[in-house]
């Protein structure tokens, strides 16, 4: 048997010193600050990043037939699992009784911006050159703490989300435009990008793309602010084409270079940029001295293009809508895109001038989306594991041990605002391996017991009785395990599994012995929920 | 595998087959140690990926090349700064720990490793390196995935006791992906892994998953769950038995190499480890980041080599670095370098030939993007590992890459004959697979000399039911597929005759 392991040791031992020095920028915000910042970051732990690429899924088998939408609580649960971090039982039942159209409308409805994580979000950058080394170090520490305040604030939004797609869609766009705070440095800039995702996640893609491209975070992250006529930097130009819009192999190296030239002359101080969204141009001396005003030839068109022109030309390419819709398909439906459906979505996208909402509406009301084949065919991402379970256990924002959850994500592989690189996370089966699967089970079962697996107890104990009372009949053992399965498993359960669940709850007692008011009931319920959360079925949505 | 039925698969049978060369032809004694296509060596390969694209020109530096200094006004090193190791090249100053290793003949440098029509995207180029595909094709399985699939076609049935491959952290899983499965086990610490896995294991269900994509994914999670449980025990035991004799540097690669050494020392027979060190994508500020990376890498690897040597394990381990590409010859305006093409690969250990393979790339003969032309194909390196290091038949590397790549002689004690084509020692007939069979089975044999060959089939009473004249066949392995569709069930003798020698075996047709 293994020696006993103190999990606190584990945490300290395995969160190594940072390996992300290269994500920091040499001269950003100034050479002097950058040097101190790098030194500071060297002592910070590096998160685990799941593999870049992963399993190729089974190819579509044509024999698997399409079903037409049979709207019931199973179909409703499917929609809610794919658009929320995790649904509650009452949500599943009430939407199952409502119509599909009403449910989709509710899910897709606009949401107000939440209160920001702090007043600092608009704080202007300091005069770095006028500061002493100690003052700089102090501010670096403050900024770093704010970055994690922002991450925790965001993760809390997921755990207490209303019945809305906005949180998931915000994460989707973050994954798409994957930006890491380590390179950006300013928490103000990271917040600004998050607010853009929230505001435009269901809006117009052209506007979203502009807001992200010319936002301070992206300008810093992919070196647009260092991209000048005399020293062009291809970084943004390449990723704009490869990862953000058209996809690899649909453009040439020359297109990358020409796009880079068009994006010269934009700049940011970390909070504000020299780009004017209304006039669609940069301004000021930086623009005049560093923008390349020459002719560029990009994707077959020639002109004295700037960044907005490049975005317009990209959106004239049919492939752009297909690339984005394929990504939406893979995030919401299945890892292997169905070309016919993606084409349908892309046509709607283009016909609606790149409005995102109609595409989502079409997808979520299609037969295809509700096909039995796709039930449970996605692997939960790490945030839907931790934040989803918190939402389902209804622990309340004030009780969420957010720093613990961030720590957990160091091992599970998905700290928001810390993607491995600009390609984002690979997702799908890459989330699970011989490290992360056991960690997920450890998290879930420890949570139900109210125990911090890294040592100590939480300040709260999940109210499993209250959870059971949200089910249809908590006093009926068979109904209770069936409802629990409906809540946590996306696939219908077999008789054998139902027996196992009953065993986990009753430990051999007869079904009619179950009494929710029995003093032993909370313990038994915890056993059942722990059992459920450690079953392979729980990893699917 | 303790918790799974071990199926007597082709694997078990072919191991027997290799140990019973059925008949030797007159052949002069020659030290041919080639294995017959089956993985039975105890050799270990440690692969280290330098994530992001290492700058080869600033690793093994062409200090006297004026074009190098022109292209790198802020980043270049001259002959006084670089650590001169050959007439024309010096190591980066932060690679100092490698200098004595190179001078001892335990470090190989393979210049200019890349592939034709290089792709400048990290993600595509990484995929090309791990799948072993040509640049213009997208392959969905990895080179090691196909290699292992050839050995363990029914994995996880018939899987070895120990993990087939161990990967640390965020290495690319595609490398170990076959069409059916993934052969890698992810690891960071053996003890923790064991404790967490065992405390949280819930016995699986036997109910069949639904015949849907959701069912496919459930199968995947269940398989992973079980394999993790089984392998965590083996890894834990090896970790308990293993030793370290040196102090490893406190960095990520150092940690990975320390665990690797411990597991090898503890008797884990896993043949392939994939480690990684991040941070080589230095578009800006390379003068700061690159030296740190090289320092971490060289101190960690030199500790590892010393540890293996102290424990007498060095003759079983070959360490090889890879990277998805090199960097642009010309530096950019931010004291960095943009994505490039080829770069050097380093090989380490008493198991490698300490030499320079190829020459410093030409800086005047560049491609249209100002990038280096590749001198070696990375698949040459991988083919060498398959054939010379693991001693597998060249037909296997040919299968893995769907093409033939000339080996590079960097393995110091190859399990095959250096120089090709390799000549088999004896005429050998391998066990038919499958057997029993229906309707067809594959009969493999190996010829030491080119000769006319025939296959004759006899029934149980000795009546000849078929004769196949195969004509003159070349030296090497051949497959003959026996089609039993017009034969009735029963036992048959298969006789393969060549150059006056006959080998035979029984097969059973079950209809």
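The values are calculated or read from the model by the stated rules, or taken from the named source; none is laboratory data. Predicted model only: the values in this text are computed from it and were never measured. All Cβ positions, even for glycine, are placed from backbone atoms using ideal geometry, and neighbour counts span all protein chains on display.
A few comments on the model shown:
- On inspection, residue A:252 qualifies as within 14 Å of another protein chain (Cβ to nearest Cβ), under 31 Å from the mean Cα position of the chain (by Cα) and surrounded by fewer than 16 Cβ atoms within 10 Å (Cβ to Cβ).
- Flag not set for residue B:106, criterion: under 29 Å from residue B:300 (Cα atoms) and surrounded by fewer than 17 Cβ atoms within 10 Å (Cβ to Cβ).
One line per residue, one yes/no per condition, for (1) out of contact with any strand residue (DSSP E or B) (no Cβ under 8 Å at 6 or more places or on another chain); (2) in contact (Cβ under 8 Å) with a residue 24 or more places away in the chain; (3) outside the structural domain of residue B:262 (by TED's automatic domain parsing):
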position	(1), (2), (3)
B:146	yes, yes, no
B:167	no, yes, no
B:186	no, no, no
B:219	yes, no, no
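- Matching strands (runs of 3 or more DSSP E) fully within the range B:457-509 where at least 1 residues are at positive phi: B:464-473, B:476-483, B:490-498
- The set of residues from the range A:464-497 being surrounded by 14 or more Cβ atoms within 10 Å (Cβ to Cβ) and in a loop (DSSP other than H, G, I, E, B) comprises A:470, A:471, A:473, A:474, A:475, A:476, A:489, A:490, A:491, A:492, A:493, A:494.
- Looking across B:506, B:444, B:485, one residue alone is surrounded by 14 or more Cβ atoms within 10 Å (Cβ to Cβ) and modelled with pLDDT of 80 or more. It is B:444.
- For the range B:229-236, the criterion of being without any contact (Cβ under 8 Å) to a residue 60 or more places away in the chain, assigned to a loop (DSSP other than H, G, I, E, B) and assigned by TED's automatic domain parsing to the domain that holds residue B:127 is satisfied by no residue at all.
- The residue of the range A:57-78 that is modelled with the lowest pLDDT, among those that are under 23 Å from residue A:430 (Cα atoms) and either more than 14 Å from chain B (Cβ to nearest Cβ) or in a loop (DSSP other than H, G, I, E, B) (or both), is A:61.
- Of the helices (runs of 4 or more DSSP H) that lie entirely inside the range A:368-460, those containing 3 or more residues that are at the interface with another protein chain (Cβ under 10 Å from one of its Cβ atoms), free of Cβ contacts under 8 Å to residues at least 24 places away in the same chain and on the phi < 0 side of the Ramachandran plot span A:436-449.
Residues checked against (1) under 22 Å from the mean Cα position of the chain (by Cα); (2) free of Cβ contacts under 8 Å to residues at least 60 places away in the same chain; (3) at the interface with another protein chain (Cβ under 7 Å from one of its Cβ atoms); (4) not in a helix (DSSP H, G or I):
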{"site": "B:197", "(1), (2), (3), (4)": "no, yes, yes, no"}
{"site": "B:209", "(1), (2), (3), (4)": "no, yes, no, yes"}
{"site": "B:214", "(1), (2), (3), (4)": "no, yes, yes, no"}
{"site": "B:226", "(1), (2), (3), (4)": "no, no, no, no"}
{"site": "B:239", "(1), (2), (3), (4)": "no, yes, no, no"}
{"site": "B:247", "(1), (2), (3), (4)": "no, yes, no, yes"}
{"site": "B:256", "(1), (2), (3), (4)": "yes, no, no, no"}
{"site": "B:264", "(1), (2), (3), (4)": "yes, no, no, no"}
{"site": "B:276", "(1), (2), (3), (4)": "yes, no, no, yes"}
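- Sole residue being out of contact with any strand residue (DSSP E or B) (no Cβ under 8 Å at 6 or more places or on another chain) and at pLDDT below 90, chosen from B:100, B:134, B:156: B:156
- The range A:306-325, residues that are farther than 23 Å from residue A:358 by Cα and in contact with a helix residue (DSSP H, G or I) (Cβ under 6 Å, 6 or more places away or on another chain): A:306, A:307, A:310
So that you can scan it fast, the table gives a plain yes or no per residue for (1) surrounded by fewer than 17 Cβ atoms within 10 Å (Cβ to Cβ); (2) touching a residue at least 40 places away in the same chain (Cβ under 8 Å); (3) in the same structural domain as residue A:219 (by TED's automatic domain parsing):
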residue	(1), (2), (3)
A:290	no, yes, yes
A:298	no, yes, yes
A:302	yes, no, yes
A:306	no, yes, yes
A:310	no, yes, yes
A:324	no, yes, no
A:336	yes, yes, no
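- When residues in the range B:334-363 are screened for being surrounded by fewer than 22 Cβ atoms within 10 Å (Cβ to Cβ), in contact with a helix residue (DSSP H, G or I) (Cβ under 6 Å, 6 or more places away or on another chain) and within 30 Å of residue A:257 (Cβ to Cβ), 2 of them pass.
- Against the test of being in the same structural domain as residue A:393 (by TED's automatic domain parsing), modelled with pLDDT under 90 and touching a strand residue (DSSP E or B) at 6+ places or on another chain (Cβ under 9 Å), the options A:452, A:433 yield a single qualifying residue, A:433.
- Only one entry of A:219, A:163 meets the criterion of being surrounded by fewer than 24 Cβ atoms within 10 Å (Cβ to Cβ) and over 20 Å from residue A:413 (Cβ atoms), and that entry is A:163.
- Residues of the range B:283-303 include at least one that is away from chain A (no Cβ under 14 Å), in contact with a strand residue (DSSP E or B) (Cβ under 9 Å, 6 or more places away or on another chain) and either within 28 Å of residue B:148 (Cβ to Cβ) or in a loop (DSSP other than H, G, I, E, B) (or both).
- Residue B:280 being assigned to a loop (DSSP other than H, G, I, E, B) and closer than 27 Å to residue B:100 by Cα: yes
- Going through (1) free of Cβ contacts under 8 Å to residues at least 24 places away in the same chain; (2) in a helix (DSSP H, G or I); (3) not assigned by TED's automatic domain parsing to the domain that holds residue A:420 one by one, residue A:219 falls short only on (1).
- Which listed residue, of B:393, B:388, B:367, is within 14 Å of the chain's Cα centre (by Cα) and over 30 Å from residue B:307 (Cβ atoms): B:393
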